[in-house]
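Beneath this line is the structure, given in structure tokens, with notes to follow.
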Amino acid sequence: MRQCPPIVRSFRVSFFLLAAVCLSWPSSSQAEEPGTELLFERDIRPILKEHCIHCHGEGGETEGGLDVRLQRFLVKGGDSGEAIDPGKPDFSYLVMRLDAGEMPPDEDKLLPQHEIDLIKTWIAQGAKTARPEPEEIGNGPIITEEERNFWSFLPVQEYPIPEVAQQELVSTPIDAFIVQKLESEDLTYSYEADKRTLIRRATFDLTGLPPTPAEINDFLNDESPEAFETVIDRLLASPEYGERWGRHWLDVAGYADSEGYTIQDPLRDYAYKYRNYVIDSFNNDIPYNQFITEQLAGDELAKRPLDNTDPETIRLLTATGFLRMAPDGTGSGPDDADVARNEVMSETINIVSTSIMGITVGCAQCHDHKYDPIPQTDYYEMRAIFEPALDCKSWKPPQGRRYSLYTKEDYAEADRIEAEAKKVLAVHSEKQTAYIEETFESELKKLPEEIHEAARLARKTADKERTEEQKTLLKEHPSLNVSAGSLYLYNRKASDELKKIAAEATEIRAKKPFHDYLRSLIEPDGHVPPTHLFYRGDIKQPKEEVQPASLTVLEDRLEPIPVNDEDMPTTGRRLAFARQLTSGEYPLVPRVIVNRIWMHHMGRGLVDSPADFGKLGSLPTHPELLDWLATDFMNNGWKIKRMHKMMMLSQVYQQSSARQPQLEEGDPDNKLYARMSIRRLAAEDVRDSLLAISNQFTRKQGGTSVPVREDNVGQIVVGNPTKEVGGKYADGAPLNGEEFRRSVYIQVRRSTPLALLETFDAPRMQPNCTSRNVSTVTPQALMLMNNNVVHERAVAFAERLENDAGEDRAAQVNLAYQLAWGLEPTESERNQAIAFIEQQTVEFAKFTPEEAADDKKEAPAGPEPGDQALASFCHALFSANRFLYID
């Protein structure tokens, strides 16, 4: 067993000095165990809340006079009498209606039989409650102690590190929590991954790219205990780290370069600046609490008045692009503008709540959340936080929300240049008028003199004011209809001169400073609009006004959000909200982010529903570890790079992915992490690896997005838009190497995602993606086999092998294995590869251009059979599981 690097030993020394007794983690329910006494609050109310409360108690509505929010209300009943008779389920009216399938009235939402049986058992046991019910509750929502004590709403606990028998397996405190669980199941770790596997895993995890042969050899030759730590430090310091982990955040933020909502899917010209902000933030290791605050309230953090020449102000305003990522059809002339505006607000709340808070607040837009303690009022109180900046009553379309980066000097310079251009255009206009008049008179001389005066008068008369005689005259003599557009037909020399003058004006205008913008969210000063709760979520039915607030279930621990902060020019609501979230008292936020980091490193989250830490989400497999990580994360400055390093230096991360019978039997789904999970490359990693291995990678950072277009067969590919010429599509302007940039810089269109990426599960942002699907389907194999992009990369890969390894086939095969798979081929593999290339050379030689060409035509030039065979071998490497999967 290798020694622990110094940073790991420091973790162990400090943390093992903590107390050794673990606090118990509260379970979400204890119901349905044989012999368990059922209680209304714990066992029955969740059923009624899901199926019944929205008509019988929510918002003061009590259809049939029945309120089901409390047990005593059920005993009291409604218009039809008592709903339940404690101890007598067969005589309870509620049970009769349930058994008859008459409640709920919607047949598609009938209670499952096991829930009906649970209600019957509860009534038979006496319809007991956990505690005395309140005397007064009004029409507001009820949040029970059971709901408040749900694991994700409880404060983050500072758990001590457990003692384990297998201390040799503990490299970081993380291992102690994992090993403790394994030992309770009589399991242990799989064996340690070899160094080639480890560096490939780490390099893809942190950069999304394969390691180079030189990087692999450096690691293999470094026998120091700190060798892997050195690799991690190098990867975290590389600019590719921000591109890889920035992409993870862009998923949850719903980043797109188009507006969506309508079929037209118009482009967002300046959205890319938010993408660059995210990448830079990860590379600069901006603390996560700062990262969140800047995105939610960068405009409120910036000094007023806003200065568009100050880099920090520009950076903060760029960060608020996070709140402009939702699909937005308000600039596309929607059929119902109010609905479109409301949709932007609701999708923004969905993005904020699922990406940062890990809870589905959006489910409470129309009614109280059916499963979690989030009443409808909570949704609209959260909406009130954003309403001053996204006011549906004072709405600005996307173009109107752009923030100009033009300075006073830019405007002055633009005005000066425009005045210069207008002088040239004045000359153009004067000469054009003279030429047109001269040409008209020249053409008039060719006609009978008796119509000259009438023709002149008709020409000078506005079209709408011409008499029928004048219209007839000009129609009979079309040569008199001389205009700016037709002058070239009469006087080519004059037309060319005018074009030259116009081009001069265009050239002058091109010298104006570029007018750049930000796609940001800026709250107007002193704007405090009211927010109303909408009945059943219907924007046409506003009800009572609500004030900004956080989730009711957590409000006792949090500072209130001001209605209008007197110390700020804006309301200060979003800044106060951001500070709530990052105060350390908001338990969801640190748990959600450390779970996401864990998920991307280990293949699955400690909570397997990263955007839903509510009742319908997954329970944590290692709750104490989750809270320990959250506590450690906050206590050490909310630094993400530090968290990467600690996770990757653990032995749980450095295990082999090999399946062993004893592990498969004890942990078939690997929820206990008795081995490393095998993972497929993300969509972007597939494309980026093809580029990197074929030596065609353009490592340019930042900048605008590389456009995409539809090719002749309807696939979306990288390229400038095509133009239809004679029924065929002609390629757009060349990209000059931009087509070989990283996938994170490729334009993200909601309606037309890049075909290669979509095939490998790149998401469509509707509105965001909190966890990617990973599929293994036939189109993926077909894409690698038949796609032109993959074929082109294989040819380029073969050329690289010939350039770097020379003509020796063995050397080419060795280098190919290292580049594509990070491996050194065995002698058998090398011999098989050489034999394959030789066989393919013979086959390709049968179809040389000379033999395939028509005798009457000159044979086209083509690649040599040996080159084609080597490219075929490279193509096979790209299509293998070893290329697509990380051990």
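Each reported figure results from applying straightforward, stated rules to the coordinates on display, with no laboratory input. Just so it is clear, the model here is predicted, and its values are computed rather than measured. We place every Cβ from the backbone using ideal geometry, glycine too, and count neighbours over all the protein chains shown.
Measuring r between the beta carbons of K370 and K76 and using R0 = 25 Å, the FRET efficiency lands at 0.60. For segment 528-642, the extents of the C-alpha atoms along the principal axes are 46, 36, 24 Å, listed from largest to smallest. Put in order of Cβ neighbour count within 10 Å, fewest first, the listed residues R642, R573, R749 become R642, R749, R573. Say R0 is 60 Å: what FRET efficiency, to the nearest 0.05, do N217 and K500 get from their beta-carbon distance? The computed FRET efficiency comes out at 0.45.
Axis angle, to the nearest 10 degrees, between helix 227-237 and the longest C-alpha principal axis of the chain: 50 degrees. The K393 and T467 beta-carbon pair, evaluated with R₀ = 51 Å, returns a calculated FRET efficiency of approximately 0.45.
Normalised by 2.2 N^0.38 Å, where N counts its residues, the alpha-carbon radius of gyration of segment 788-886 equals 1.17. Compute the relative contact order of the chain as a whole-number percentage, counting only Cα pairs closer than 8 Å that sit 6 or more residues apart in sequence. With pairs under 8 Å counted, the relative contact order is 15 percent. Fraction of C-alpha pairs exceeding 23 angstrom in segment 409-515: 45 percent, rounded to a whole number. Calculated translational diffusion coefficient of segment 393-447 (4 °C, 1.567 mPa s; Stokes-Einstein with Kirkwood radius over alpha-carbon pairs) equals 84 µm²/s.
Annotation: amide H of V546 within the under-5 Å range of T531, H532, L533, sequence separation 5 or more or interchain, hydrogens built in the peptide plane. A simple spin-label model places pseudo-atoms 7 Å from Cα toward Cβ; at I451 and R416 they are separated by 5.5 nm. The slack between N564 and E807, meaning 0.36 nm per residue of separation minus the straight C-alpha distance, is 80.1 nm. Taking amide H as placed 1.01 Å from N in the peptide plane, R679 has its amide H under 5 Å from the amide H of I886, each at least 5 places away in sequence or on another chain. Pairs of Cα atoms nearer than 8 Å and 6+ residues apart set the relative contact order; for segment 40-141 it is 29 percent. Summed over qualifying helices (DSSP H, 4 residues or more, each -39500 (n - 2.57)) and divided by its residue number, the chain shows a 222 nm mean residue ellipticity of -13500 deg cm²/dmol. Label sites at Y488 and T36, each approximated as a point 7 angstrom past Cα along Cα to Cβ, lie 8.3 nm apart.
What separates the Cα centres of segment 331-375 and segment 592-653 is a distance of 26 Å.
For A796, the shell of other residues with beta-carbons less than 15 Å away shows a net charge of -4, using +1 for Lys and Arg and -1 for Asp and Glu. Between K543 and E145, the simple spin-label model (points 7 angstrom out along Cα→Cβ) gives 2.9 nm. The mean sequence distance of close C-alpha pairs (under 8 Å, at least 6 residues apart), as a share of the length of segment 409-515, puts its relative contact order at 51 percent.
For R772, no residue 5 or more places off, or on another chain, has a built amide H under 5 Å of its own.
In terms of other Cβ atoms within 10 Å, V790, V713 run from fewest to most in the order V713, V790.
Subtracting the Cα-Cα distance of L616 and D669 from their residue separation scaled by 0.36 nm leaves 17.1 nm.
For L823 and Y517, the difference between the fully extended length at 0.36 nm per residue and the C-alpha to C-alpha distance is 105.4 nm.
From least to most packed, judged by other beta carbons within 10 angstrom and beginning with the fewest, C366, C55 follow the order C366, C55. When both bridge partners sit in the chain, DSSP labels roughly 90% of those beta bridges antiparallel.
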